[in-house]
Amino acid sequence: MNRPKWIRVALATLGFLAMGSLVAAEGVTVTISCGSVGKDQTFCKEGAEAWAKKTGNKVRVLSSPQSTSDRLALYQQQLAAGSSDVDVYMIDVIWPGVLGQFFEDLNPYIDPRVKEGFFPSLISANTVDGRLVGLPWFTDAGILYYRKDLLQKYGFSKPPTTWDELFQMAKTIQEGERKAGNQSFWGFVWQGASYEGLTVDALEWIYSYGGGTIVDTKGNITVNNPRAKAALEMARKWVGTISPPGVLSYMEEDARGVWQAGNAAFMRNWPYAYALGNSADSPIRGKFDVTVLPKASTPEGRHAAGLGGWQLAVSRFSKHKAAAVDLVLYLTGYQEQKRRAIEGSYLPTRPALYQDPDLLKAQPFMGRLYDVFVNAVPRPSAQTKKKYNQVSSAFWTAVHNAISGKVDAGMALRQLEAQLKRIKGAGW
Amino acid sequence: MPKGPKKFRLSRFLGQVAFYLLLLAVFAYLVFPFYWAVVSSLKSQQELFQTPVSYWPEKLRWQNYRDVFIMQPFGRNLLNSAVVAGLTTLLALAVGSFAAYALGRFRFAGKRPIYYGILAVSMFPQISVLGGMYVLIKALGLYNTWWALVFSYMIFTLPFTIWVLTSFVREIPAELEEAAYVDGAGPLQTLLWVLLPLMAPGLVTAGLLAFIGAWNEFLFALTFTVDDKARTVPVAIAFFSGASQFELPWAQIMAASVIVTVPLILLVLFFQQRIIAGLTAGAVKG
Amino acid sequence: MLKRSLQARRARAAWLFLLPSLVLLTLVAAYPLLRTMQLSLYQASILDYPLRPVWVALANYAFLIQDAYWWLSVKNTVIFTVASVSLETLLGLGIAVLVNARFPLRGLMRTAMLIPWAIPTVVSAQMWRWMYNDVYGVINDILLRLGLIAKPVAWLAEPSLVLASIVAVDVWKTTPFMALLLLAGLQSIPKELYEAAHVDGATPWQQFRYVTLPLLKPALLVALVFRTLDALRVFDVVYVMSGTNPSTMSMSVYARQQLVDFGALGYGSALSTGIFFIIAIFTVIYLTVLRVEVD
């Protein structure tokens, strides 16, 4: 007797739940997945909402994992599943080669002159087999943050230009501050966790020693060389002396946590930390400055800044491609990039902005370090294509082994070379 | 009470003290991490990142709990978790109680291999089906929905439910069932009208364990959901990102951790006996 | 005659009752497992759109046999399993014996024992990650105050400590579970046996050694094997605490890295299949050694 009713209730419940899982689509809602480091999320939301207001569309902003490696894995999952949930992706400068096939070619949608407003090197980084898969949103380069007040306090007139100088300064300041009572003080913090960030940090060290870029532009594996070895041995020496042992598990935000609390003399990080360090409630506000990363004291030594930066790409599975492209154009446009540069210290991807008086007034370092930014060293993603992720993972693992003292640097590099050959196989 | 010599009484007293100290130590070890999560979730960013650490917040700061819902889509994650765990439990119980009845009450050829087979599935490493499950879920169009999780969670909830329920069914006296047969009831009626009500404690136990299992699951949720439409709480907590000004949002992570743990603690408080019965049902009887 | 047809009817009913479960389990377990095994014979990248699987026969397995990272992950998993299971058993046994005594607030204690078990692994991993923090972590603070360490330790960064730190989290989470299983075993031991032993003048240790332990053995074995199988497939705690860091990477973490991070559907499936067989061997041993009875 009761059974039919029971079944009816069950069916009704199921129907209700099935409907609940569908998203009601009213007008055009463009979904954008942007970053989550520092204030990325806030800035992304503000920009996207301004566009929505202007065009009468709606936007949905998704959060993504903090670690870039996790984020790439997630995007791969989404795209490989052919998911149309996300229309616009914020992608790392190393991803066009990996994910390119999943993105719409923007060329047919835009005026060819639009491309001329950006740095040509960034446009070419976003071009895969003639397809323009993304537009550069902000660029990034590793820079050295230093405490002006502490340098002065310990009698250093200018920031270090070589790694040896950095080591000496960091050591002096650290010993002094500890004697003064701050037991949590460290000389130098950076990104040493085993993840993509370490690839950039280590590439900077190796390149600054003249040790190349892991895989050269022709695709040859070059990483096993004495200069690279010297670079890794240097970093090994930092851990536990001028850098906390915990640096081996630090990502960008961990390093910034120590730095911004006033517990470090130097930090290697991206420009985003500049605006945050100067925010109203920051204990180090006005006490620090930035400069180019040091170089090796050997004759081959040169300054190196790892190239980072993020692009906006439109998913080929998007159901609102035109609106999505419009959002991308808006966000990468002059005005929005200017706002983000002034308020968030995000580096513009348009050369014209580096001459903008408002911008230079708000962020003087951008003008000062212009050369560093345009000459930043790219990771070998163009040559290793879809295998980049594996190459990078092998590299950061080997580096982590070497700087944590698990194996010596020479051994780590020899093993890495063998492994990279295996990954390369017949070719990249 | 026989009066022992003084020395004996003293050592007995010392023994008692040692016993209670040991108990206290074990208790502290078990609850301290949770205590620490609660304390951290009530601290301000400044206090969180100050050394030496303080063991009690200067001022109880509930803001972190609000932030979890405002700055993260945590409400949606909670809803996803509740719906997925709820549906998983219902489905596992509905399907599993029939199987448990068959396995606990009937004699038939092939019963043993089937029982072993079901047991074996409960031992499956989830990773070993990940690739195939991914392909299947995509093909069924379930990717990034609640149903992908409800469906895939059957792999660990169903065998366990069947197992626990079977051990309960076996305990029910056969006379009741026989009486129903004499009255002319078929197997289905017997199950629905006679056994099911008697199985209620077993259903509660199995249901609780299935719910907790589904609520806590991580690997499938991580792989089969890609955004907040279906993302459950464990994945959300693993991915918690800093929209905060100053630091990694540890206070928010801890607040979220407390929020997801509280329902579980309540379940444990109310159903302690039932849960222990379920956990030990298979194990002790072997 | 009548009895026979009744038997047949009941058997048919039993199969009908089993059908939904069998169908579901075939769909969620057997099919994906076979599909994974099939995929392991191909080379396919989820980064190709559309997917272009290439038949490579056993090439993935040939690669697996000489893959240093695979063997490293096997080694990590075995170390994790042996360390965590033995610690959990010893501690769990101790706690079970302790809690088996009569004392006030015993219910509270049992609830406290269920808390670590009920907390999602991801959450407990996050809680501990915060407690392990090298600068702001409470563990360093406590150890410094007690004078057990001279300066803060980077628990999750020093290669020699990471795995041990992760084991400690698993031990915290699972020891109480172990203790509860053993407690149930303890409570099924008849009181008279202890009384008899007491009369015979046995010391508490002798009682434990000659009464408790032998009678607890079946429960102990089952709990042990369960935990071993569980530990061998560990994923959550390792993934959240240290990601794909090779010095702690478990078999499951490595397989997922290949499958998802590198998009290697074929090779990742070969790894998954490898894990399946390793665990299957243990399961078969379990089922035969313990002879799980159906009736």
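The values are calculated or read from the model by the stated rules, or taken from the named source; none is laboratory data. If you're wondering where the values come from, they're calculated on a predicted model, not measured in any experiment. Heads up, the Cβs are rebuilt from the backbone with ideal geometry, glycines too, and the neighbour counts pull from every protein chain shown. We work out accessible area using only protein heavy atoms, side chains counted, and drop any ligands, DNA or RNA first. Shrake-Rupley method; radii C 1.70, N 1.55, O 1.52, S 1.80 Å.
A dipole drawn for region C:54-289 from +1 and -1 charges on Cβ atoms has a positive end, and of C:I95, C:L143, C:I285 the residue lying farthest that way is C:I95.
For chain A, modelled as a GNM whose springs connect Cα atoms under 10 angstrom apart, the maximal fluctuation among A:P357, A:P245, A:P112 occurs at A:P112. The listed residues C:Y194, C:Y49, once ranked by accessible area (1.4 Å probe) with the largest placed first, stand as C:Y49, C:Y194.
A Gaussian network model of chain A, with springs between Cα atoms under 10 Å, assigns the largest mean-square fluctuation among A:R256, A:R60, A:R340 to A:R60.
Normalised by the number of residues in region A:182-283, the average gap of Cα pairs under 8 Å and 6 or more apart makes the relative contact order 38 percent. Comparing B:R107, B:R66, B:R12, which has the greatest mean-square fluctuation in the GNM of chain B with Cα pairs linked when under 10 Å apart? Looking only at B:R107, B:R66, B:R12, the biggest GNM fluctuation is shown by B:R12. Antiparallel beta bridges, as assigned by DSSP with both residues in chain A, represent about 65 percent of the total such bridges. Within chain C, what's the longest run with no trypsin sites (Lys or Arg not before Pro) in a DSSP loop and at most 10 other beta-carbon atoms within 10 Å? Give the range, please. No qualifying site falls inside C:103-290, the longest such stretch.
The H on the amide N of A:L132, modeled in the peptide plane, is under 5 Å from the matching H of A:L106, A:N107, each at least 5 residues off or on a different chain.
For region A:181-231, the set of trypsin sites (Lys or Arg not before Pro) satisfying both a DSSP loop assignment and a count of at most 10 other C-beta atoms within 10 Å is given as A:K218. For the pair region A:48-66 / region C:20-53, the C-alpha centres are spaced 37 Å from each other. Relative to the Cα centre, the charge distribution of the protein assembly as shown, modelled as +1 at Lys and Arg Cβ and -1 at Asp and Glu Cβ, gives a dipole magnitude of about 1760 debye. Residue pairs exceeding 21 angstrom between C-alpha atoms, taken from C:K173/C:K217; A:K386/A:K424; A:K179/B:K59; A:K45/B:K229; A:K115/A:K338; A:K158/A:K287: C:K173/C:K217; A:K179/B:K59. Pairs of Cα atoms nearer than 8 Å and 6+ residues apart set the relative contact order; for region C:93-161 it is 19 percent.
Label reach from B:L198 (point 7 Å along Cα→C-beta): in region B:152-179, amide nitrogens under 12 Å belong to B:168-179. Along the Cα-to-C-beta direction of C:R12, a point sits 7 Å from the Cα; which residues of region B:180-210 have their amide N less than 16 Å from that point? So the set is B:186-189. For chain B, the convex hull spanned by the alpha carbon atoms encloses 223 Å³ per residue.
By the combined test of axial Cα extent (at least 24 Å) and Kyte-Doolittle hydropathy (mean at least -1.0), the qualifying DSSP H helices of chain C come to C:2-25, C:68-100, C:159-187, C:213-232, C:265-290. For A:R60, nonlocal amide neighbours, meaning residues 5 or more places apart or on other chains whose placed amide H falls under 5 Å from its own, are A:V30, A:T31, A:I32. Extending 7 Å from the Cα toward the beta-carbon at both B:A139 and A:R285 defines two label points whose distance is 6.0 nm. Across the options B:F224, A:P244, A:N57, the greatest Cα extent toward the positive end of the charge dipole of the protein assembly as shown (unit charges at beta carbon of Lys, Arg, Asp, Glu) belongs to B:F224.
Mean partner shielding of peptide C:169-180, defined as the number of other chain Cβ atoms within 10 Å of each residue Cβ, is 2.
Scanning chain A for GluC sites (Glu not before Pro) lying in DSSP loops with no more than 15 further Cβ atoms inside 10 Å, the longest uninterrupted stretch between such sites is A:117-299. Let's test the formula: R0 of 60 Å, r as the Cβ-Cβ distance of A:A352 and C:F277. What FRET efficiency results, to the nearest 0.05? The computed FRET efficiency comes out at 0.50. Peptides B:184-190, B:125-131, B:78-84, A:146-152 ranked from most to least packed, by the mean per-residue count of other Cβ atoms within 10 Å: B:125-131, B:78-84, A:146-152, B:184-190.
Across region A:67-83, coupling constants 3J(HN,Hα) worked out from phi with the 6.51/-1.76/1.60 Karplus curve, θ = phi - 60°, read 6, 4, 5, 5, 5, 4, 4, 5, 5, 4, 4, 4, 6, 5, 7, x, 6 Hz, and Gly and Pro carry x. The string of couplings for region B:264-270 from the Karplus curve (6.51, -1.76, 1.60, θ = phi - 60°) is 5, 5, 4, 4, 5, 4, 6 Hz, one whole number per residue in order, with x for Gly and Pro.
Under a 5 Å amide H cut-off, with hydrogens placed 1.01 Å from N, A:V189 pairs with A:F266, A:M267, A:R268 among residues at least 5 apart or on other chains. Per residue of peptide B:268-276, the mean number of Cβ atoms on other chains within 10 Å of the residue Cβ is 4. Estimated from helical segments only, the mean residue ellipticity of the protein assembly as shown at 222 nm is -19500 deg cm²/dmol, where each DSSP H run of four or more residues counts as -39500 (n - 2.57). Shown in residue order for region B:202-218 are the 3J(HN,Hα) couplings computed by the Karplus curve 6.51 cos²θ - 1.76 cosθ + 1.60 at θ = phi - 60°: x, 5, 4, 4, 4, x, 4, 5, 5, 4, 5, x, 6, 5, 8, 4, 10 Hz (x for Gly and Pro).
Once you reduce region A:75-96 and region B:62-124 to the center of their Cα atoms, the two points are 31 Å from each other. Only beta bridges with both residues in the protein assembly as shown are counted; by DSSP, about 70 percent of them are antiparallel. Summarising the label geometry, the points placed 7 Å from Cα in the beta-carbon direction at A:N107 and B:S54 lie 6.2 nm from one another.
Each residue, B:Y116 and C:K75, gets one label point 7 Å from its Cα in the Cβ direction; the gap between the two is 3.6 nm. From the alpha carbon centroid of region A:162-190 to that of region C:121-162 is 23 Å. Counting, for every residue in A:255-262, the Cβ atoms of other protein chains within 10 Å of its Cβ and taking the mean gives 4.
With the charge dipole of chain B set up from +1 on Lys and Arg Cβ and -1 on Asp and Glu Cβ about the Cα centre, the Cα lying farthest toward the positive end among the listed residues B:S97, B:Q16, B:A148 is that of B:Q16.
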